[in-house]
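Here's a structure for you.
The values are calculated or read from the model by the stated rules, or taken from the named source; none is laboratory data. Owing to the predicted nature of the structure, the values given are computational and were not obtained by experimental measurement. Every residue, glycine among them, receives a Cβ derived from its backbone with ideal geometry; neighbour counts consider all protein chains shown.
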Amino acid sequence: MQVGILGGGVGGLSTAIALKQAGFEVSIYERHSKPIEIGAGIVCWPNASFVLEQLGVLEQVAKVSGSLTYMNRFSNDGEPIGSLNINELNRLMRYPSYSIIRKDLMSIFIQRATELDIKIHYGFEVVDLTNNTSETIAHFSNGEKLQPDIIIGAEGRMKSITRKFVNGSNQPVYQGFINWVGVYESRSAVFSELSVSDYWGIGERFGIVPVTNNKAYWAGGIVSETMDEKLPNHYKSELHAIFKDWPDLINNIIKETPQSRINKIYVHDHDPIDVWCKSNVILLGDAAHAALPTSGQGACQALEDAWHLTKCLKENIDDIPKAFTQFTALRKSKTSGMIQGGRQLASSIFNQDVEYCKNRNLASKNTNYHDTVVGMAKGWSSGLPISG
């Protein structure tokens with residue numbers, strides 16, 4: 001059975017690896033001319049680490065990752081407002097949490113794909129899908145065509161042709177805030193422990209995720225009703241203007257991050273959809289269920305998709321429509337919850353009302369984080385054989 005995967009990001013690569021290990025013939029078609037490095041870093045929470053183990057890459061990931069211990073929340077003036085024990089989350093879910101630079105994770109996936117003789121075709125941008133009886137033809141901008149037994153749409157959130165084919169619309173939803181993201185590296189040790197630091201202001205946020213004691217990826221966010229032109233030469237001055245009165249660590253990170261390692265993202269997600277498949281085409285990852293970065297689960301859910309879809313296809317090899325229906329049923333509720341959860345947290349973090357933010361921070365101080373961890377473990381474990 002021939003499977004064509006459209007998109008060579010986390011979702012596409014992990015699905016290709018899982019399917020090839022299960023005996024399927026798989027090829028990947030990526031619109032960019034080389035491996036993509038959009039985004040700065042990823043936290044592979046325990047549910048993702050379970051899948052990474054199934055893909056045969058968890059050991060490699062561990063070698064270039066940080067083992068996170070806590071997620072600490074602060075106000076924009078540095079006052080502690082809560083701490084979540086990641087060690088306890090890992091214990092409950094029985095897998096570790098790792099912070100990793102996206103480029104490093106992509107390199108590991110590409111190496112694993114090479115080991116499995118999975119062909120990755122770069123410069124293949126999908127421009128149309130046409131249906132021919134029970135099969136679908138993918139048309140590429142370079143004039144090539146693809147007509148495999150199964151087409152998997154994993155082209156991301158912004159312009160997925162497969163989502164438009166399946167759903168009738170692929171218009172992402174701008175959620176009214178910007179993220180500048182970057183990768184910072186110092187010559188000396190900066191982080192005494194590998195804990196996430198999440199600073200909340202009034203309509204503003206800055207998060208730092210260490211990977212080693214001298215390297216971290218970060219994101220600075222601010223409310224913006226409009227989407228203006230991106231001017232990379234202005235990124236640092238924009239960030240300094242916003243965060244100049246925030247803790248010194250933040251300003252040092254902005255100052256010392258090379259301009260070439262900073263990106264500006266107008267943050268979009270997608271409304272949940274009920275139908276993920278049409279004919280022999282199935283959606284996964286951001287093409288199916290793009291959530292905001294505040295969900296903390298974007299890449300993790302793409303990895304779960306890879307594991308679940310492979311399992312469904314193996315169990316229903318002679319009935320692909322049943323496999324697709326089963327996969328959608330297994331994944332729709334959990335991923336819809338991630339979308340809504342990401343939106344709810346973003347609406348709180350990026351609230352611009354001073355009194356609301358004061359009360360929000362007070363509520364964070366008074367949160368029972370043990371119960372929060374238990375709830376996270378239960379939710380993130382659902383559908384996977386990992387919790388106790």
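Can you run down the residue pairs with Cβ atoms below 7 Å, 6 or more apart or on separate chains, where the first is in segment 55-72 and free of Cβ contacts under 8 Å to residues at least 12 places away in the same chain and the partner is crowded, with 17+ Cβ neighbours inside 10 Å?
LEU58/SER49; LEU58/LEU52
From the list ILE250, ILE254, pick out the single residue that is touching a His at 6+ places or on another chain (Cβ under 9 Å), touching a residue at least 24 places away in the same chain (Cβ under 8 Å) and either part of a helix (DSSP H, G or I) or buried (at least 17 other Cβ atoms within 10 Å of the Cβ) (or both).
From the options ILE250, ILE254, the qualifying one is ILE254.
Among the residues of segment 259-278, write down those that are assigned to a loop (DSSP other than H, G, I, E, B) and either at pLDDT below 95 or among the aromatic types (Phe, Trp, Tyr) (or both).
The one that is assigned to a loop (DSSP other than H, G, I, E, B) and either at pLDDT below 95 or among the aromatic types (Phe, Trp, Tyr) (or both): TRP276.
Condition (residue is among the hydrophobic types (A, V, I, L, M, F, W, C), farther than 19 Å from PHE165 by Cβ and crowded, with 24+ Cβ neighbours inside 10 Å) applied to segment 281-291: is it met by at least one residue?
yes
Being part of a helix (DSSP H, G or I) and touching an Asp or Glu at 6+ places or on another chain (Cβ under 8 Å) is the filter; apply it to segment 237-247 and report the residue that is nearest to ILE208 (Cα to Cα).
Within segment 237-247, the match that is nearest to ILE208 (Cα to Cα) is PHE243.
Of everything in segment 122-147 that's touching a residue at least 60 places away in the same chain (Cβ under 8 Å) and among the charged types (D, E, K, R), which residue is nearest to GLY12 (Cα to Cα)?
By that ranking, first place goes to GLU125.
Which of (1) more than 30 Å from LYS20 (Cβ to Cβ); (2) in contact (Cβ under 8 Å) with a residue 40 or more places away in the chain does PHE327 not meet, given it meets every other one?
(1)
Here's the yes/no breakdown for (1) among the charged types (D, E, K, R); (2) within 19 Å of GLY23 (Cβ to Cβ); (3) free of Cβ contacts under 8 Å to residues at least 40 places away in the same chain:
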{"residue": "ALA287", "(1), (2), (3)": "no, no, no"}
{"residue": "ALA290", "(1), (2), (3)": "no, no, no"}
{"residue": "GLY296", "(1), (2), (3)": "no, no, no"}
{"residue": "CYS300", "(1), (2), (3)": "no, no, no"}
{"residue": "ALA306", "(1), (2), (3)": "no, yes, no"}
{"residue": "ALA323", "(1), (2), (3)": "no, yes, yes"}
{"residue": "LYS334", "(1), (2), (3)": "yes, no, no"}
{"residue": "GLN344", "(1), (2), (3)": "no, no, yes"}
{"residue": "GLN352", "(1), (2), (3)": "no, no, no"}
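Please go through (1) crowded, with 21+ Cβ neighbours inside 10 Å; (2) over 17 Å from the mean Cα position of the chain (by Cα); (3) within 21 Å of ALA299 (Cα to Cα) for ASN170 and return the number of the only condition it doesn't satisfy.
(1)
In segment 99-121, how many residues are in contact with a strand residue (DSSP E or B) (Cβ under 9 Å, 6 or more places away or on another chain), closer than 22 Å to MET1 by Cα, touching a residue at least 40 places away in the same chain (Cβ under 8 Å) and not aliphatic (A, V, I, L, M)?
Of the residues in that region, 2 qualify.
If you don't mind, another one. For a quick check of your reading: which helices (runs of 4 or more DSSP H) sit entirely within segment 27-107 and have at least 3 residues that are of a type in the set (Gly, Ala, Ser) and surrounded by 16 or more Cβ atoms within 10 Å (Cβ to Cβ)?
The helices (runs of 4 or more DSSP H) meeting that bar number zero.
I would also like to ask the following. Among all residue pairs at least 6 apart or on different chains, which show Cβ distances below 9 Å where the first residue, located in segment 357-376, is more than 20 Å from GLY337 (Cβ to Cβ) and the second is among the basic types (Lys, Arg) and surrounded by 12 or more Cβ atoms within 10 Å (Cβ to Cβ)?
Going by the 9 Å Cβ cut-off, the qualifying pairs are ASN361/ARG73; SER364/ARG73; LYS365/ARG73.
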